[in-house]
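Enquirer: Below: one structure in structure tokens.
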Amino acid sequence: MLFDLDGVLVRSHETWLKLMQDASAHFGGRPVTREEFAPLFGQGPEADIAIFGLHCTREELDAYFYENFGRVSQGRVWVDPEAAPMLRQLRAHGLRTAIVTNTMRPLAGSLLAQANLLTLFDAVAGADEVACPKPAPDLLTLALARLSLGPADAWMIGDSRYDREAARAAGVYFVGFGQAGDARVDCLKNLPELIFVGGHPK
């Protein structure tokens, strides 16, 4: 089971909005408004640089995010209380789990640890580890390699068009979290029921 992180297991939109606003000011970009940022959230660092006019490289932006995330995230991250019970249930049935996120892997690890979810995943694939983040399939391909699985053996759960497009490009069954997909769930506690029929994976 491949999971997007933000918007599915946690919500840190306010953290990333503040980080993006600060980064744009730091790197000479234009002001970032809440209204403009919302539909672009999760698009990846290269797109952020291009759209907001930042004068920096992807590596410089990643470094800025890493250095400032802890300061900005305090009190701005919500953890879905259904996440841990759901993940434990999947793992009790022998399913392996991985994170595929457009967040840098070190930040994703910190966020998962802060949410007390890190030990419930077998692998984490972050945007700094691939040439192209979602909506490209690279992150899913990396996570599947770390799990020693093929696309037909996995499901992807995500909440954005970037997740949906990445899953389709990778040939992975897509479950939309609060949105359309090959299947859809609106709360995490319903995911095991969708996956299992008579106690066996579909």
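What follows draws every value from the coordinates through simple rules; no lab data is involved. As the structure is a prediction and not an experimental result, all values here were calculated from the model. Neighbour counts run over all protein chains shown; Cβ positions are idealised from the backbone, glycine included.
Enquirer: Antiparallel as a % of all DSSP beta bridges within the range 88-202, to the nearest 5? Don't jump to the answer; show the numbers that get you there.
Expert: Numbers: 2 of 13 bridges.
Approximately 15 percent, going by the DSSP bridge assignments.
Enquirer: Same structure, new question: On a 0 to 90 degree scale, rounded to 10, what angle separates helix 58-73 from the longest Cα axis of the chain?
Expert: That helix lies at roughly 80 degrees to the long axis.
Enquirer: Among DSSP beta bridges lying fully in the chain, give the percent that are antiparallel, nearest 5. List each step's numbers first, then the result.
Expert: Numbers: 4 of 20 bridges.
Approximately 20 percent, going by the DSSP bridge assignments.
Enquirer: OK, next. Using alpha carbons only, how many degrees (0 to 90, rounded to 10) separate the axis of helix 161-170 from the longest principal axis of the chain?
Expert: 60 degrees
Enquirer: If you take the C-alpha gyration tensor of the chain, multiply each eigenvalue by 5 and take the square root, what semi-axes do you get, largest first, in whole Å?
Expert: The answer is 29, 17, 15 Å, longest axis first.
Enquirer: Taking the chain as the reference, fit the longest principal axis to its C-alpha atoms, fit the long axis of helix 105-114 to the helix C-alpha atoms, and give the angle between the two in degrees, 0 to 90, nearest 10.
Expert: Approximately 70 degrees, to the nearest ten.
Enquirer: Could you list 103, 33, 97 in order of exposure, starting from the residue whose Cβ has the fewest other Cβ atoms within 10 Å?
Expert: Numbers: 103 28, 33 10, 97 19.
Arranged by neighbour count, lowest to highest, 103, 33, 97 become 33, 97, 103.
Enquirer: Taking neighbour Cβ counts within 10 Å as the exposure measure, how do 99, 195, 51 sort from fewest upward? All intermediate terms of the calculation are to be shown ahead of the outcome.
Expert: On the way: 99 27, 195 20, 51 16.
By the 10 Å Cβ count, ascending, the order reads 51, 195, 99.
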